[in-house]
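Here's the structure, in structure tokens; my notes come after.
The values are calculated or read from the model by the stated rules, or taken from the named source; none is laboratory data. What you see is a predicted model; the values in this text were computed from it and never measured. Quick reminder, even Gly has a Cβ in these numbers, built from the backbone with ideal geometry, and neighbours come from all protein chains shown. Keep in mind that these areas ignore ligands, DNA and RNA; they rest on the heavy atoms of the full protein, side chains included. Shrake-Rupley method; radii C 1.70, N 1.55, O 1.52, S 1.80 Å.
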Amino acid sequence: MFVFAGKWTQKPEETRQQKIRRLWEALDRADAVVIGAGAGLSASAGFTYSGERFEKYFRDFKKKYGFHDMYSGGFYPYDTLEEYWAYWSRYIWINRYTDVPRPVYEELLDLVREKEYFVLTTNVDHCFQKAGFDKKRLFYTQGDYGLFQCMEPCCQKTWDNESVIREMMERQKDMRIPSELVPRCPHCGKPMTMNLRADDSFVQDEGWYRAAERYSQFQKDHRGMRILYLELGVGYNTPVIIKYPFWKMTRQNPEAVYACINCGEAAAPAEIAEQSVCIDGDIGEVLGQIKMADAAEAPSL
């Protein structure tokens, strides 16, 4: 085991275009690409949790309770389950069952479609699958807005929630859903909640473990190869899931490249500086620039 010294580098002497070029070259020569995706990727695609989207869908909750973004509303201690699910059904519907405004995920797929790739993500909005990524190459570590679990939990199972969420949306009135729509566990009868990792009550069902095993096998199958660890929009809320492991695996493999695209948080430890490409900016814009670089290198017909 090794520990990074805490020194950071962004290689400021490089121009933006030089960084784009190096990232394109790393992608082009890679035997495999491991994508690590955080909330910044969906934000770039248009899934923002404050501002205009929040005002459009939650103006009544803002007026009553005073919070100004979806995250704050999600943690509010509502007096009744009927009001709790009025809020959360809207939240889930717009962030799981509607499409993102911008095709950032589709553009990412275009860049890796012909590669051996795997996606590790803390996002729970299903955007990868909706964009066409192979679901057997995805590992949603933190859950899925589209799944319910027992609040207790009494068992390690999850249930699809689309039809129930749709009905909650259609039938809610005055910031409440009908009492008969409050979801309850089929096994014990206690209230259900979203399958989102918040504490040790998070359910890791059979699908979660199968995805974890596929990711582990992908790592074993490509050990020592030219791997691009492509980190997109990952912050420091849970760095032990994507960021720190990517740094460690890059350091352990001299053939690997670590790439970080993020607004304001694009940096790498000095120990892997020569293997890193860090680009501060909007992910969608950077992917578009990589695509242009790829097109410029394509042979003319």
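Observations on the model:
- The residues listed here are 215, 244; of these, the one that is part of a helix (DSSP H, G or I), out of contact with any strand residue (DSSP E or B) (no Cβ under 8 Å at 6 or more places or on another chain), of a type outside the set (D, E, K, R) and farther than 26 Å from residue 78 by Cα is 244.
- Check on residue 128, modelled with pLDDT of 95 or more, in contact with a Ser or Thr (Cβ under 8 Å, 6 or more places away or on another chain) and among the aromatic types (Phe, Trp, Tyr): yes
- Taking the listed residues 176, 166, 137, the one that is at pLDDT 95 or above, within 28 Å of residue 30 (Cβ to Cβ) and open to solvent by 50 Å² or more (accessible area, probe 1.4 Å) is 137, with no other qualifying.
- Enumeration of residues in the stretch 223-240 that are under 15 Å from residue 118 (Cβ atoms) and open to solvent by less than 40 Å² (accessible area, probe 1.4 Å): 227, 228, 229, 230, 231, 232
- Filter result for the condition that a residue is surrounded by fewer than 16 Cβ atoms within 10 Å (Cβ to Cβ) and either modelled with pLDDT under 95 or in contact with a helix residue (DSSP H, G or I) (Cβ under 8 Å, 6 or more places away or on another chain) (or both), over 54, 61, 4, 47: 4
- The residue that is modelled with the highest pLDDT, counting only those in the stretch 102-122 that are out of contact with any strand residue (DSSP E or B) (no Cβ under 6 Å at 6 or more places or on another chain) and more than 19 Å from residue 286 (Cα to Cα), is 122.
- None of 180, 170 is more than 19 Å from the chain's Cα centre (by Cα), of a type in the set (Asp, Glu), over 18 Å from residue 98 (Cβ atoms) and in a helix (DSSP H, G or I) except 180.
- Pair list, Cβ under 9 Å, 6 or more apart: the stretch 143-163 residue touching a residue at least 24 places away in the same chain (Cβ under 8 Å) and surrounded by 22 or more Cβ atoms within 10 Å (Cβ to Cβ), other residue among the β-branched types (Val, Ile, Thr) and part of a strand (DSSP E or B): 148/193; 149/193; 150/193
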